[in-house]
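The values are calculated or read from the model by the stated rules, or taken from the named source; none is laboratory data. The shown structure was predicted, so the numbers you read here are calculated from the model rather than taken from an experiment. Heads up, the Cβs are rebuilt from the backbone with ideal geometry, glycines too, and the neighbour counts pull from every protein chain shown. Ligands, DNA and RNA are excluded from the accessible area calculation, which covers all protein heavy atoms including side chains. Shrake-Rupley method; radii C 1.70, N 1.55, O 1.52, S 1.80 Å.
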Amino acid sequence: MAKAVYMHIPFCHKICNYCDFCKFIYNEKIADAYLVALKNEIIDRYMDEAISTLYIGGGTPSALTLKEIRALLELTKLFKMEDKYEFTFEMNLEDINKELLVILKYYGVNRLSIGIESFQPKNLTFMGRQADFQDALAKIKLCREMGFNNINVDLMYAIPKETMKDLKKDLDLFLKLEPDHISTYSLIIEENTKAFIDNYDTIDEELDYNMYLYICKKLNNAHHYELSNFALPGYESKHNLVYWDNEEYYGFGLGAAGYVDGVRYENTKNLKKYLVGEYVKTRELVNRESKMKYEVILGLRKIEGINKKKFQDKYHIDLENVFDLKKLFKDKDLINKKEYICINPDKLYVMNEILLKIEGLI
C-alpha cells in the first residue's frame, strides 16, 4: 500500500547546464494544460490510501505563477493525509516572497527544499544559476518568520575547476543559513545536458573524494543518515526514507516514477502523450527476489544500513541466506553488526561499486 506521493512539475525559468531531469522552459498555456492532465492522472490512479508524505518537485515548482501554484496545491486536497504528514515544496531562492509563502502555508506545506547549490561565482557560472548569500539569508529568515521550521538546502560540489577552498567557503556560508537539513550532490555530468555537450571534464577523482570527506567532517554535528543527506535530529526527510526503506509510493506527473501494488513504473517524458492521458511509459512487476534486491540496494544507502530483523519479518528469510555476503564482509566492504548490516563508513564514497557487487548476488 502506497504511503507517499511525489508530484513532478517540469517547468523552469531557465535550464541549468548540468540538469538532466524532465523539464521545459515555463509556458503559461502549456502549464495550465499540464495541471489539468496532472489532476486527471491523480483522479485516475490514486486509490484513496492515507498518505504520510507528499513531495512536489521538478523542474522548479515555484516557476509557476501564484495562480497556478494555488491550482496545483488544490490538487493535494484529493489525497487523504495522515495527521502527522510531511509536505515538501521545492523552490528556487529568486522565487521566494511573502505572498508565495502565505499560499504554501495555507495549503499545509510544512517543509521547504531550496535549490541553492553554491554561492561561488565560478560555480554558478558553470551551472547557469544565480545565488547571493545575503539574499539567501534574508529569504530564509522570511521563511522562518512565516512559520516554516523545516528547511532543506541543496549543495552541489565537485564542479569543474572547483577547489577545496571553494567548497570550504560554500559550506561555511551554508551553515550560516542554519538549515535543518542539507542535501549534498557530487556533480555527475550526464548525457543530454549542456555541460556534456560542451565537453566539460569531471573533477579529479581524488579531489572529489576528499571533498566528500570534508563535508562529512564539517557536518559531523548533524545526523548523517544517508550517503548524501545530513539533518538535525528529527528533521530527516520522511519522504526520501520511503524510497530507501523500499516502501510503495505514487509518482504523478511527467517522467515521475512510482511503486504501487508491487509494480514499479515510470511515466512518459513525452508531453503530448501525457496531456492526452497516456501517462505510463514502462511497468515492471516486481517479484519476490527483486523486492529483496531492491530492499538491500536501497537500504544500504542509509548509513545505519539494513535492519536484519525487519528484513526477516518482511520476507520470512534471513538476509544472509538470500545474499552470499561473506566476501564483502571479508573485504570490509560491509560490516555485520548485531542488528544491522551496513556499508563500511570508510567505503561510503564507493558505495555504488559495492551495490553493483551485491546486485550480482541474486
**Message:** Condition first: farther than 26 Å from Val102 by Cα and either open to solvent by less than 20 Å² (accessible area, probe 1.4 Å) or in contact with a Pro (Cβ under 9 Å, 6 or more places away or on another chain) (or both). Can you find one or more residues in the range 131-140 that meet it?
**Reply:** no
**Item:** Subset of the range 181-212 that is charged (D, E, K, R) and open to solvent by 100 Å² or more (accessible area, probe 1.4 Å) - its residue that is modelled with the highest pLDDT
**Value:** Glu206
**Request:** Give Ile297, Ile215 a once-over and let me know the one that is among the hydrophobic types (A, V, I, L, M, F, W, C) and modelled with pLDDT under 95.
**Result:** Ile297
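Please state which one of Glu74, Glu82, Glu90 is in contact with a Ser or Thr (Cβ under 7 Å, 6 or more places away or on another chain), loosely packed, with under 14 Cβ neighbours inside 10 Å and either among the acidic types (Asp, Glu) or in a helix (DSSP H, G or I) (or both). Walk me through it before giving the result.
Numbers: Glu74 fails: in contact with a Ser or Thr (Cβ under 7 Å, 6 or more places away or on another chain); Glu90 fails: loosely packed, with under 14 Cβ neighbours inside 10 Å.
Answer to the check: Glu82.
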**Hits in the range 5-34 (condition: under 19 Å from Val276 (Cβ atoms) and surrounded by fewer than 17 Cβ atoms within 10 Å (Cβ to Cβ))** = Phe24, Asn27, Lys29, Ile30, Asp32, Ala33
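Please pick out the residue among Ala50, Ala37 that is modelled with pLDDT of 95 or more, open to solvent by 40 Å² or more (accessible area, probe 1.4 Å), more than 21 Å from the chain's Cα centre (by Cα) and of a type outside the set (Lys, Arg). First the steps, then the outcome.
On the way: Ala37 fails: open to solvent by 40 Å² or more (accessible area, probe 1.4 Å).
Criteria check complete, one pass: Ala50.
So which residues in the range 117-141 are in a helix (DSSP H, G or I) and not charged (D, E, K, R), if there are any at all? Reasoning before the result, please.
Step one: filter the range 117-141 for residues in a helix (DSSP H, G or I), giving 121-127, 133-141.
Of everything in the range 117-141, those that are in a helix (DSSP H, G or I) and not charged (D, E, K, R) turn out to be Pro121, Asn123, Leu124, Thr125, Phe126, Met127, Phe133, Gln134, Ala136, Leu137, Ala138, Ile140.
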